[in-house]
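*Asks:* Sharing a structure, written as structure tokens. Questions coming.
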Amino acid sequence: MKASLILSLCVCSLQAIAQKNALRTQVNTKADALQEQVITWRRDFHEHPELGNHEVRTSAIIAKHLQSLGIEVTTGIATTGVVGVLKGGHPGPVVALRADMDGLPVIERTPVPFASKVKTTYNGQEVGVMHACGHDSHMAILMAVAQVLSSMKADLHGTVKFIFQPAEEGVEPGQKGGAEQMVKEGVLENPKVDVVFGLHINSQTEVGKITYRPGGTMAGVNDMQIIVKGRSAHGAYPWSSVDPIVTSAQIINNLQTIVSRNINVTENPAVVTIGAIKGGNRSNIIPESVEMLGTLRSFTPADEKMLVTRVTEIATKTAEAQGATATVKIPYSNHYPVTYNDPELTQKMLPSLQQTAGAANVLLRPPVTGAEDFSFYQEKVPGLFIFLGGMPKGGDPLKAPSHHTPDFYIDESGFSLGVKALCNMTIDYMNNKR
Ligand SMILES: [Zn+2]
Ligand SMILES: [Zn+2]
């Protein structure tokens, strides 16, 4: 290679590095300047939470903000969803960024002045409403990301799609909603999304830290119903019954062998839980049937398939051995795919996170057996879902109130890191594609 060519290549890559650093500095300065505004937005959402598919006030605030930035806005997707499209000054990939908008039927108990006092009815019951999972912070962070990126529009090599999604926590029986419905209504099309990024604040991870996991990050979920049918008899004459209660007890015990004997524990965990069992109504009647409800959690499609097969085999064969029958429905009413972080994408975006938070603050985390409907986007396009620290510095993760509880609390000082992380991942992804 000629010396002049080597020299010009060096100059070019030095220019690219300088340009990258300049963009990062711009993002960081703008994100820091917006921190107070992010807190104001978050507190307003926090004080006025809305349940899934009812995010009317919330989505109106978001739509208005995006419109004020000159972003192209569509509302009413999957009931209350809002999507904004920001076209950069140069052609390039379409990066989707997602925030969820719903609160939970929880009565708030935190002493903060902006605590929710909202009450509503849910499933026919009077309930409180609280942003007890931190979705208020996700919205506020993404609104700031939209503001930062739209101010840098001319420098963007691609398009950003801002997805504000309703009903992440699920909907009332009979309703449709959440990410699955957003995908069905075409949120990943027109323009076609190449990659999706999202974050979840975490009340048990210290502020300033980001945690991530390549591959299966949050569990795939199937709920299940098992109905065991036998023959009813007087409780004093069990020999004339086919006892569905004894049979159900055997099924529950046998199901424990799936995790202990079928799952390769060196690779991925799995969970088999029976959470409800209903049968009989008094001490001296053996009932005709028993209903059990439960949940299955896994981290790979192969494990998910195996759990379904083994539960079905164990339930039906154990029942058969007792002269009873078992009918198994999986999924019964709920299915979430695995929240799967594309390993190659995760690897590529890691430097971006490390430069944003400092390498020592970006930590590999164990898999989470909870679920996220972000997985419905990742089923269609490669995606990365990270966790953002929201626990006060020096806190004890075991004592910090967990998500979905009345005392759930978030330290707001971690928000600007979330804004920076989403902005920098978007810009770096676009620039790596050039
Ligand atoms: Zn939640
Ligand atoms: Zn959540």
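The values are calculated or read from the model by the stated rules, or taken from the named source; none is laboratory data. The structure displayed is predicted, hence computed values, not measured ones. A quick note on method: Cβ atoms are made from the backbone with ideal geometry, for glycine too, and the neighbour counts reach across all protein chains shown. Heavy atoms of the whole protein, side chains included, go into the accessibility calculation; ligands, DNA and RNA do not. Shrake-Rupley method; radii C 1.70, N 1.55, O 1.52, S 1.80 Å.
*Asks:* Would you mind getting the Kirkwood hydrodynamic radius of the range 63-134 from its Cα pairs, rounded to one decimal in Å?
*Replies:* Mean inverse Cα-Cα distance, inverted, gives 15.3 Å.
*Asks:* While we're on this one: Just add up the charged neighbours of P269: K/R +1, D/E -1, any other residue whose Cβ is under 10 Å from the Cβ of P269.
*Replies:* On the way: positive: R297; negative: E267, D303.
Surrounding charge for P269 is -1.
*Asks:* Work from the charge dipole of the chain (Cβ charges, +1 for Lys and Arg, -1 for Asp and Glu, about the Cα centre) and give the residue of V272, G76, L384 farthest towards its positive end.
*Replies:* Toward the positive end, the furthest listed residue is L384.
*Asks:* When the scattering of the range 220-335 is computed by the Debye formula from its Cα atoms alone, each counted once and equally, what is log10 I(q)/I(0) at q = 0.19, 0.20 Å⁻¹?
*Replies:* -0.91, -0.98
*Asks:* Among the lysines, select those whose C-alpha is under 16 Å from the C-alpha of K348, and discard any that sit fewer than 8 residues away in the same chain.
*Replies:* Filter leaves K20, K433.
*Asks:* Round to the nearest 10 and give me the degree value, 0 to 90, for the angle of helix 343-357's Cα axis relative to the longest principal axis of the chain.
*Replies:* Between helix and principal axis, roughly 60 degrees.
*Asks:* Next question, about the same structure. What residue among Q347, I227, G323 has its Cα farthest toward the positive end of the dipole of the chain, where the charges are +1 on Lys, Arg and -1 on Asp, Glu, each on the Cβ?
*Replies:* Farthest along the dipole direction, towards plus: Q347.
*Asks:* Please compute the per residue accessible area over the range 220-335 with all protein chains in place, 1.4 Å probe, rounded to a whole number of Å².
*Replies:* Accessible area per residue, the range 220-335: 54 Å².
*Asks:* Rounding to the nearest 10 and keeping the result within 0 to 90°, find how far the Cα-based axis of helix 244-257 lies from the longest principal axis of the chain.
*Replies:* Orientation of helix 244-257: about 40 degrees from the principal axis.
*Asks:* Once you order the gyration tensor axes a ≥ b ≥ c over the Cα atoms, which shape class does the range 322-434 get: rounded for a/c under 1.5, otherwise prolate or oblate by comparing a/b with b/c?
*Replies:* Since a/c reaches 1.5 but b/c is at least a/b, the shape of the range 322-434 is classed as oblate.
*Asks:* Which angle from 0 to 90°, rounded to the nearest 10, does the C-alpha axis of helix 415-432 make with the longest principal axis of the chain?
*Replies:* Approximately 70 degrees, to the nearest ten.
*Asks:* Quick one: net charge of I71's neighbours, Cβ under 13 Å, K/R +1, D/E -1?
*Replies:* Numbers: positive: K64, K87, K153, K161; negative: E72.
It works out to a net charge of +3.
*Asks:* Here's another thing I want to ask about it. Report the charge-dipole magnitude of the range 333-407 in Debye, nearest 20, computed about the Cα centre from +1 at each Lys and Arg Cβ and -1 at each Asp and Glu Cβ.
*Replies:* Computed about the Cα centre, the dipole is about 220 debye.
*Asks:* With +1 on each Lys and Arg Cβ and -1 on each Asp and Glu Cβ, how big is the dipole of the chain about its Cα centre, in debye rounded to the nearest 20? Each step should come with its number before you reach the end.
*Replies:* On the way: 38 positive and 40 negative charges, 166 e Å.
Using only the charged Cβ atoms, the result is roughly 800 debye.
*Asks:* With a point put 7 Å past each Cα toward its Cβ, work out how far L398 is from F114 in nm, to one decimal.
*Replies:* Taking the simple label geometry, L398 and F114 are separated by 3.3 nm.
*Asks:* Which Cα, out of I258, L293, P244, lies furthest along the positive dipole direction of the range 220-335 (beta carbon charges, K/R +1, D/E -1)?
*Replies:* So the residue furthest toward the plus end is P244.
*Asks:* Turning to a different aspect of this structure: Find the percent of Cα-Cα distances in the range 145-254 that exceed 17 Å, and round it to a whole number. Numbers along the way, then the final one.
*Replies:* Numbers: 4595 of 5995 pairs.
The calculated P(r) of the range 145-254 puts 77 percent of pairs beyond 17 Å.
*Asks:* Tell me, what % of the accessible area of the chain is carbon and sulfur with a 1.4 angstrom probe?
*Replies:* So the carbon and sulfur contribution to the accessible surface is 54 percent.
*Asks:* Considering only the chain, what is the antiparallel percent among its DSSP beta bridges, to the nearest 5?
*Replies:* 65 percent
*Asks:* While we're here: For the range 228-341, with only Lys/Arg (+1) and Asp/Glu (-1) charged at the beta-carbon, what is the dipole magnitude about the Cα centre, in debye rounded to 20?
*Replies:* On the way: 10 positive and 8 negative charges, 32 e Å.
With only Lys, Arg, Asp and Glu charged at Cβ, the dipole is about 160 debye.
*Asks:* Kindly count the pairs of lysines across the range 195-345 whose alpha carbons are less than 24 Å apart, treating pairs on different chains or eight or more residues apart as eligible.
*Replies:* On the way: K229/K278; K229/K317; K229/K329; K278/K317; K278/K329; K305/K317; K305/K329; K317/K329.
Total qualifying Lys-Lys pairs in the range 195-345 comes to 8.
*Asks:* For the range 290-381, I need the span (max minus min coordinate) of the C-alpha atoms along each principal axis, in Å, sorted largest to smallest.
*Replies:* Principal extents (Cα only, largest first): 63, 26, 20 Å.
*Asks:* Note down the net charge around N190, summing +1 for each Lys or Arg and -1 for each Asp or Glu among other residues with Cβ under 12 Å from its Cβ.
*Replies:* Residues near N190 contribute -1 overall.
*Asks:* Counting pairwise Cα distances across the range 319-371, what percent come out greater than 13 angstrom?
*Replies:* Within the range 319-371, distances greater than 13 Å cover 76 percent of Cα pairs.
*Asks:* Quick check of the Kirkwood formula: for the range 102-168, what is the inverse mean of 1/r over all pairs of different Cα atoms, in Å?
*Replies:* 14.4 Å
*Asks:* Using the alpha carbons of the chain, what is the convex hull volume per residue in cubic angstrom, as a whole number? Before the final figure, lay out each step's value.
*Replies:* Numbers: hull volume 72.8 nm³, N = 434.
Cα convex hull per residue, to the nearest whole number: 168 Å³.
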